[in-house]
Every structure is written in C-alpha cells, then in structure tokens.
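Enquirer: There's a structure below that I have some questions on.
The values are calculated or read from the model by the stated rules, or taken from the named source; none is laboratory data. Computed from a predicted model, the values in this text were never measured in an experiment. Cβ: placed from backbone, ideal geometry, glycine included. Neighbour counts: every protein chain shown. Surface accessibility is based on the protein's heavy atoms, side chains included, excluding ligands, DNA and RNA. Shrake-Rupley method; radii C 1.70, N 1.55, O 1.52, S 1.80 Å.
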Amino acid sequence: MEAVFGLLLMLLRVSHGVETSCDGRQDGAQCYGALGGTVVLQLMDSASEIFRYEWSKNNKTAILQGGKNKKLINQIEKRSSFSDGTFRINSLSRTDSGEYTLQTYDSSGQRSEQRTLQLFIQGVEAYCDGRQDGAQCYGALGGTVVLQLMDSTSEIFRYEWKKNKIITILRGKKNNIVFNVIDDRSFFTPSDGTFRINNLSRTDSGEYTLQTYDSSGQRSEQRTLQLFIQAPVSSVLLVSECLSQGWTRVSCSSEGGDSPQYSWTLDGHTLTDAELLSGNHETNNIILKQDVSGRLVCSVRNHISSVSREENISTCKGVETSCDGRQDGAQCYGALGGTVVLQLMDSTSEIFRYEWSKNNKTAILQGGKNKKLINQIENRSSFSDGTFRINNLSRNDSGEYTLQTYDSSGQRSEQRTLQLFIQGVEAYCDGRQDGAQCYGALGGTVVLQLMDSASEIFKYEWKKNKTTTIFWGKKTIVTNNIANRSLFTPSDGTFRINNLSRTDSGEYTLQTYDSSGQRSEQRTLQLFIQGVETYCDGRQDGAQCYGALGGTVVLQLMDSASEIFRYEWKKNNKTAILQGGKNKKLINQIENRSSFSDGTFRINNLSRNNSGEYTLQTYDSNGKKSEPQTLQLFIQAPVSSVLLVSECLSQGWTRVSCSSEGGDSPQYSWTLDGHTLTDAELLSGNHETNNIILKQDVSGRLVCSVRNHVSSVSREERISCIFINCTLSNGTHISQWVSAATNTLCIELTTAPTTETSTVGKNNVVAIAGVLLALVILVLVGVAVICSQKKQKNDKPKEETDEQELTYADVRFMQRQGQQVQKRAEVEVEYGQVKFPQRPRQSVERAGDDCLYAQVHKDR
C-alpha cells in the first residue's frame with residue numbers, strides 16, 4: 001500500500017516545470033505561466049454543447065471564436081491549440097499577461113454566461129542573502145529577485161538602501177516603509193527584511209548600499225551588495241556530425257543567456273582526455289575520438305539558470321547516398337569512404353541474363369533467372385533484387401557502368417549506362433618509397449604512410465622543404481608542430497593532415513637515426529594539393545562550363561589541334577589566352593597553372609577572375625576565319641559538409657533546416673524514404689528549399705541533398721516527433737512534442753518495454769492512478785468482508801460451519817502493450833478464483849480468523 005500511495009503522490013504532485021495548468025471555469029480565476037513556457041487553461045467543460053462562444057483579451061481582442069457546428073477561429077493558432085474547452089498556449093511572453101473574458105451565447109443570441117480570468121506571465125525567480133557585506137547577487141532578465149537585506153526592521157530605528165551610492169531606492173523606520181522608488185514592481189517586507197524586485201532589467205545591475213541608523217542619528221552599520229542581471233540560458237541545441245576517421249564533432253549552443261558555462265558528461269561521467277580528440281569538458285564544441293559512443297549530455301548554465309540536452313551518440317560510419325540508375329545516362333554520386341545504393345533494375349526475377357560492367361571492360365555483376373550470382377566485389381557490396389549497395393567507396397569506383405540484359409535466345413534486350421562519381425576530401429598515399437608523389441584535396445585530408453611503424457625507430461624527424469620541422473619523435477613519443485590539424489600514429493606510421501591548403505604543397509623529407517645518433521635512412525616525397533576537377537565539352541557554340549574555386553577544369557575545345565592551321569582562344573574578346581596551330585609554337589599566357597594537349601585545355605588553381613566568356617577563332621591556310629565558337633566559364637565554390645538540424649514544434653510539426661559550408665548558388669532537394677517530398681507531407685516550404693516544416697505524423701528517413709554545378713553532398717536523418725505527457729518523480733510536469741530518436745524524458749514512468757508507453761496521453765497518468773487506488777481499496781474491502789464472514793462462521797457450532805475456508809484472492813493488474821500513444825491507456829483487472837477447499841473439521845476452540853492472505857499482483 002505504501003508503494004501505491006507513493007506512486008499516487010508522485011503522479012499528482014503540482015508541476016514546477018515550463019508547463020503550468022489552470023482551471024479557468026470559475027469567474028475571477030488567477031492563472032500563472034512561465035516566461036517562454038506553456039500554459040493549459042480549462043475554459044469550459046465542453047465546447048461542443050455551447051451554441052456560440054468568444055474569448056477576448058482586455059475586452060478588445062477576440063482570441064477565440066467558435067461554437068456548435070461553427071468554424072473555430074484562433075488568432076494565435078501558430079503557437080496554440082484548442083480542444084473541447086481546453087486552450088494550450090506555447091512560447092509565452094509578457095504580452096500574454098492580461099484579463100481574459102469568456103462570453104457564451106444561446107441559439108437566440110442572448111448571452112448566457114460571462115466570466116473572466118487573470119493571466120500572469122512570470123520570469124525566473126532567484127534568491128540571494130545580502131546580509132553579508134560584499135555579497136554578489138544575480139537576477140534573471142525579466143524575472144524576479146528576492147534579496148534578504150536584514151533579519152527584520154523591527155529593531156532598526158532608520159534604514160536607507162541606495163544604488164551606486166546616489167539613488168535612494170528604499171527608506172524606512174522600524175516597521176514602516178517611508179519611501180520605495182520602485183514600488184510599482186517591488187515589495188519590501190519589514191518583518192523579515194526581504195526585498196522582492198519583479199520584471200528585472202539590465203539597468204537594475206549595480207552596487208547597492210544599506211545604511212542603518214540609531215535613534216541619535218548615528219550610522220550603526222553599512223554594507224554593500226553587487227546585483228548582476230543576466231539573461232537566462234534556454235532551449236539547448238545539440239548538433240553532431242561525423243568526421244573522417246570516425247571522429248564525432250558535437251556543438252552545443254543555447255538561445256540567449258549571458259556568460260554561459262558548459263559541461264559535458266558521457267553515460268553519467270565527465271568526459272576524459274581519453275575520449276576527447278579536441279576541446280575539453282568545459283567548452284561548447286568538442287570532437288570525440290573514434291569508437292566513443294553513448295548518452296552524451298551537454299549542460300549550459302549561468303548564475304540564474306541551467307538547462308541541458310542529451311543525445312545518444314553512435315559510432316560514425318560512412319555517408320550513404322542513393323541513386324536511381326534505371327534511366328539511361330543517369331549520373332550518380334558517392335562519398336569517399338561511404339556507401340552508395342544503386343537501383344539498377346525493377347526486379348531481376350524476370351530477367352533471363354544480365355551483366356553489369358565498368359568502362360566496358362570489367363564485369364562487376366553477372367546473373368539471371370535461375371543463374372548463380374557472380375559479384376566481383378562481394379567483400380564490400382551486396383546485391384538484392386535489382387539494388388546494388390557498394391560500401392567503403394574509393395576514387396577507383398568512379399567511372400561509366402553499363403547494364404546489358406539478354407533474353408532466353410541470347411539476344412540483347414536492353415543496354416543502359418550510368419556515370420558514378422566518387423567525391424570526398426580524403427586521400428591516401430604510400431610515401432615509404434623515396435621520391436613518392438602524393439596528392440591531397442584543397443580543404444580536405446591526406447593520409448601519408450611514412451613508415452611501417454615507429455616503435456622500432458630510435459629517432460625520426462619529418463621536415464618540409466629541408467628547413468621546417470613538422471614533427472619528430474623517439475619511438476612512441478611525438479612532438480607535432482601542426483597538432484591542431486594533424487595526427488601522427490606511431491603504431492602504424494601514418495600521418496594524417498586535415499584542412500589542407502595550397503601552402504601544404506612542397507617537398508617533405510623523413511630522416512631516421514639509430515641509438516648512436518647516426519642517420520640510418522633519408523627519403524623524400526612531393527605533396528601536391530589540388531582542388532575539385534570538372535570536365536566540360538566546349539566544342540558546341542554557347543556551351544556553359546563550370547569550374548570549382550581553387551580546383552581544376554578540363555575544357556575540350558577542339559577535336560584535334562594538330563589539324564587546325566591556326567587558332568586563337570580569347571577571354572572577353574580581349575586577352576589571347578592560347579595561340580597556336582599546325583607547325584606553330586604554342587603560346588600559353590597562363591602556362592604556370594595550365595596545360596594544353598591536342599585540343600584539351602586544363603586550368604588549375606581556378607579563381608573568380610577565370611569566370612568569363614571565351615571565344616575560339618580558327619583560321620585556314622589562306623587566313624580565312626571560320627565561325628567563332630564561344631563558351632561561358634563560371635567559377636563556383638563547392639558545397640561541403642551538410643548540416644541537418646531538426647526540431648519538434650507545437651502541434652507535432654517538425655522543422656528541419658539544411659545548410660552546407662561554403663558553396664555558390666546551392667540548390668536543395670529533399671526525399672523521404674526514397675521519394676520526393678509532397679505537398680501532403682509539407683506544412684511550409686517545398687522540396688527545393690533549405691528550410692521546411694513537416695506536418696504532424698510525417699516520419700521516416702529524410703535526406704537533404706545540396707548541389708551546385710561543381711559539387712554535390714547529402715545528409716540524412718531519421719525524423720519522428722512524438723507527444724509526451726507525464727509527471728516526474730521530482731514533481732516536474734512535462735507535456736510537449738519531442739524527437740523519438742533522442743527522447744529521454746518521461747522514461748522513469750515507462751511501464752512497458754515499447755517506446756509508446758513512455759508517451760501517455762493527456763491526463764491518462766492521473767486517470768490510471770485513480771483507477772489503481774479505487775481497485776486497491778475495493779480489494780481490501782472485499783477481503784475484509786470475506787474474512788469477517790469467515791470469522792462469524794467459525795463462531796457458530798461446529799456442525800453448522802461450512803467445510804471450506806478462504807485460500808486466496810488473486811488480483812492482477814495488467815498493462816496492455818502495443819497500444820498507440822494517443823489512445824487511452826487501458827488497465828485490465830483479472831480476478832482469480834476465490835477457493836474454499838475441503839479440509840478436516842476442527843474444534844470450535846480454534847481461533848476464528850482463518851483468512852490466510854490476499855495476494856495482489858501487478859503484471860506488466
């Protein structure tokens with residue numbers, strides 16, 4: 001019984017969270033809401049039985065209008081909802097404070113009832129003991145601070161409280177307040193010496209001095225306190241992103257909040273250096289090492305508030321992209337090190353024989369009806385009924401792939417191709433051979449294999465251009481001068497450099513030494529940092545070509561330059577970039593960063609200045625000009641590192657924002673579970689914008705793709721918002737929409753192993769508690785009655801007594817599982833049989849209380 005009543009007390013405790021409730025059905029009710037929180041107002045028993053009603057603020061603005069068979073008009077529907085008499089208002093502000101009036105009317109138009117309620121929106125309240133000289137006190141912007149200035153004024157003849165030693169705020173004598181300059185928003189209680197200041201602003205910050213005087217006018221005491229007004233922290237946002245090598249970058253931020261301080265825990269313990277690659281447990285941005293996973297919590301606090309947010313961090317894997325390759329000429333993209341899912345056919349069950357080859361040479365897949373599947377890369381791929389998944393993508397996977405299908409007579413029935421482009425920023429190079437040439441992507445990562453292992457090398461040093469030492473060490477001890485963006489791993493001899501720039505290009509030398517200090521080996525490698533490379537066929541007049549900022553563009557200008565007597569290629573009809581011809585010397589004005597070979601012009605290290613209109617003019621041996629041929633070259637910054645942020649809003653909507661670092665003219669597209677988003681799923685935005693709001697109950701695998709003419713990246717997230725409503729053991733009431741993937745609220749009240757049971761519908765928790773209490777009382781009363789009757793029977797003569805006795809009453813409470821969250825939670829009561837088994841007769845002198853026990857089971 002104690003456990004049952006404990007549960008009831010826990011469930012019925014008054015809420016102290018961001019959501020408050022108020023019964024506004026009594027005229028003159030006073031209701032309170034928390035600034036930025038939610039208030040639930042019970043305005044009527046049922047709106048469905050009222051012919052017409054109107055709820056207005058300050059007798060002016062009609063907030064709600066509706067009635068029986070009438071359309072509901074809600075002026076603040078973006079942040080509120082009304083359901084059969086209950087009005088929920090979210091994101092409360094001070095302007096929501098006021099007097100609200102409900103008027104109801106009958107079918108004849110006569111007013112049947114009028115009642116008012118006062119709504120007060122309050123901010124955070126803080127308390128500070130200012131009885132010690134030099135006390136430091138903090139109040140919340142827009143909130144309340146309670147300052148303990150003295151024990152009591154009853155023994156103080158006269159007192160005065162000043163701000164910055166100039167402005168008198170408070171003055172009084174004993175228990176009488178003579179003067180309060182801010183009495184419109186404050187209250188001083190002489191009996192306990194506390195001063196309450198409401199609606200705090202930045203101007204309330206300052207140094208305050210209390211001076212007390214005796215009856216002779218002599219100052220008896222003086223003490224000061226510093227009051228600091230801070231904006232409270234709120235609404236923490238936690239964003240995680242997978243980086244190369246399986247690292248996880250996590251960013252923690254909060255709306256507003258002065259002087260926020262951060263702390264991190266993982267599975268309940270403070271983050272350690274062994275788990276952190278960069279940052280520490282008191283910064284807002286951290287990078288977790290590979291294979292670090294668990295329940296990550298970021299707490300943000302200042303002197304007057306504290307909020308936290310948690311997310312389950314999983315081990316990072318490669319990015320997965322999808323592509324429909326059933327159309328001839330499809331262009332598909334995969335992320336370096338990630339996974340690509342290619343839809344090659346609708347179904348293979350009806351195809352007699354098929355073959356999928358790369359560059360018309362290598363057969364990757366071979367199979368058919370009743371034929372064994374041959375997969376040349378089965379160690380990192382899988383094929384299932386027309387869909388081919390390739391993992392651990394490398395640049396070598398780029399190329400043209402051709403699908404050919406054949407009928408039972410051996411005739412080819414279909415042929416189609418797709419282009420697969422593998423993009424990414426990470427490259428690998430084996431630098432163990434002297435003179436190796438290695439390449440890295442601008443802004444990306446390069447992994448250099450410098451040795452097999454450093455564990456057997458007494459001393460080593462790696463220099464750039466023979467002068468600058470990059471890192472050196474002895475066996476496993478390493479000093480790295482660019483440790484902020486690189487990592488040397490002695491165990492496998494690899495050096496990883498991130499965020500590559502052009503200045504990383506150069507000649508690098510590795511020198512190793514034995515224990516006597518003699519150099520045992522020296523070898524060099526050349527590192528070249530390149531940008532994104534694009535290709536364009538400029539042989540058609542008016543062609544539009546695109547190059548990546550800092551990258552390379554390959555332009556096909558002619559079929560063959562060797563057959564053209566003379567040619568000239570100009571920019572903006574002014575500057576001749578290329579001049580040449582048959583048996584003529586080639587003149588290239590930008591030869592330091594370009595090359596021309598038999599009609600193909602390669603330009604490296606592209607800049608914005610390379611954009612423009614280019615004209616090719618050719619001449620025959622007689623000097624006659626052919627028709628000029630133009631192309632437009634556009635230089636764009638590539639898009640990269642897509643960030644996808646989702647948030648559950650009121651009404652169960654999901655707001656999702658998609659953004660990428662850099663990138664000129666980014667274009668966006670969205671898919672949900674593989675199909676393009678439809679108007680039926682979208683509340684606002686469309687499938688080509690970067691910010692969308694999904695309607696209630698829309699969930700699944702959401703993918704945002706960002707692209708421009710020189711790059712394409714994508715990011716996916718599982719979207720699902722659920723509604724939770726519960727009271728925690730500390731009395732906090734929680735009622736809001738949250739992400740199903742990251743929800744950890746209401747967990748302590750979960751009574752079934754399914755996710756849905758943690759999201760009990762509105763008021764169901766209290767209803768269940770009431771039912772439980774009633775059933776327990778009924779059981780106890782029933783058992784008591786049975787025992788009493790048994791006692792009476794035992795008091796009768798032996799021959800009149802029944803030859804049976806109470807063995808047990810077995811009552812079970814069973815929670816039904818697998819029900820929807822929104823449905824009313826059901827409680828089943830299973831009554832066990834009450835058995836009176838045959839037993840030997842006993843003498844009348846036996847004690848009459850033969851009630852053995854009543855056993856109560858609660859089955860979950």
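Enquirer: If each of Gln65 and Ser520 carries a label point 7 Å out from its Cα toward its Cβ, how far apart are those two points in nm?
Expert: That separation, rounded to one decimal, is 9.0 nm.
Enquirer: Hey, another quick one. I'd like the FRET efficiency for Gln376 and Arg718, computed as 1/(1 + (r/R0)^6) with the beta carbon distance as r and R0 of 35 Å, rounded to 0.05.
Expert: Given R0 = 35 Å and the Cβ-Cβ separation, E is 0.60.
Enquirer: Output the pairs from Lys571/Lys624; Lys464/Lys571; Lys70/Lys695; Lys464/Lys574; Lys68/Lys695 with a Cα-Cα distance over 31 Å in this structure; if there are none, say none.
Expert: Those over the limit are Lys464/Lys571; Lys464/Lys574.
Enquirer: Distance between Cα centroids, region 118-154 to region 189-237: provide it in whole Å.
Expert: 7
Enquirer: In whole percent, and with a 1.4 Å probe on the protein chains, what portion of the accessible area of region 40-177 is carbon and sulfur?
Expert: Accessible surface attributable to carbon and sulfur in region 40-177 totals 43 percent.
Enquirer: If Lys and Arg each add +1 and Asp and Glu each add -1, what is the summed charge of the other residues whose beta carbon sits under 13 Å from the beta carbon of Glu613?
Expert: Local net charge: +2.
Enquirer: Hey, can you find the accessible area per residue of region 608-689 for me, probe 1.4 Å, expressed in square angstrom?
Expert: Per residue, region 608-689 has 50 Å² of solvent-accessible surface.
Enquirer: Could I ask something else about it? Relative contact order for region 162-212: what percent, with Cα pairs under 8 Å and sequence separation of 6 or more?
Expert: 37
Enquirer: May I pose another question? Provide the packing ranking of 211-224, 293-306, i.e. peptides ordered by the mean count of other C-beta atoms within 10 Å per residue, highest first.
Expert: Highest to lowest by the protection proxy: 293-306, 211-224.
Enquirer: Separate question: Taking the Cα-to-Cβ direction at Ser560 and at Tyr535 and moving 7 Å from each Cα, how far apart do the two end points lie in nm?
Expert: The two pseudo-label positions are separated by 2.0 nm.
Enquirer: Modelling each spin label as a point 7 Å along the Cα-to-Cβ direction, I'd like the Asn359/Ser491 distance in nm, to one decimal.
Expert: 3.6
Enquirer: Can you give the convex hull volume per residue for the Cα atoms of region 353-498, as a whole number of Å³?
Expert: Hull volume over Cα atoms, normalised by residue count, gives 155 Å³.
Enquirer: Please sort 598-605, 407-414, 680-687 by packing, taking for each peptide the average over its residues of neighbouring beta carbons within 10 angstrom, highest first.
Expert: Ranked by mean Cβ neighbours within 10 Å, highest first: 598-605, 680-687, 407-414.
Enquirer: R0 = 60 Å: FRET efficiency of Ser384 with Glu613, Cβ-based, nearest 0.05?
Expert: Using R0 = 60 Å, I get an efficiency of 0.75.
Enquirer: In Å², and per residue, what accessible area does region 47-190 have when probed at 1.4 Å with the other protein chains present?
Expert: Value for region 47-190: 54 Å² per residue.
Enquirer: Calculate how large, on average over all directions, the projected area of the Cα convex hull of region 507-573 is; give the answer in nm² to one decimal.
Expert: 8.7
Enquirer: Rounded to the nearest percent, how much of the accessible area of region 501-641 (1.4 Å probe, protein heavy atoms only) is carbon and sulfur?
Expert: Carbon plus sulfur share of accessible area: 42 percent.
Enquirer: Shifting gears a bit: For Tyr406 and Thr479 in the same chain, what is the full-extension length gain: residue separation times 0.36 nm, less their Cα-Cα distance, in nm?
Expert: Extra length from Tyr406 to Thr479 when fully extended: 20.1 nm.
Enquirer: Given R₀ = 56 Å, FRET efficiency for Tyr127-Asp291 by Cβ-Cβ distance, to 0.05?
Expert: Efficiency at R0 = 56 Å is approximately 0.80.
Enquirer: Quantify, in whole percent, the carbon and sulfur part of the accessible surface of region 377-492 (1.4 Å probe; protein heavy atoms only).
Expert: 44
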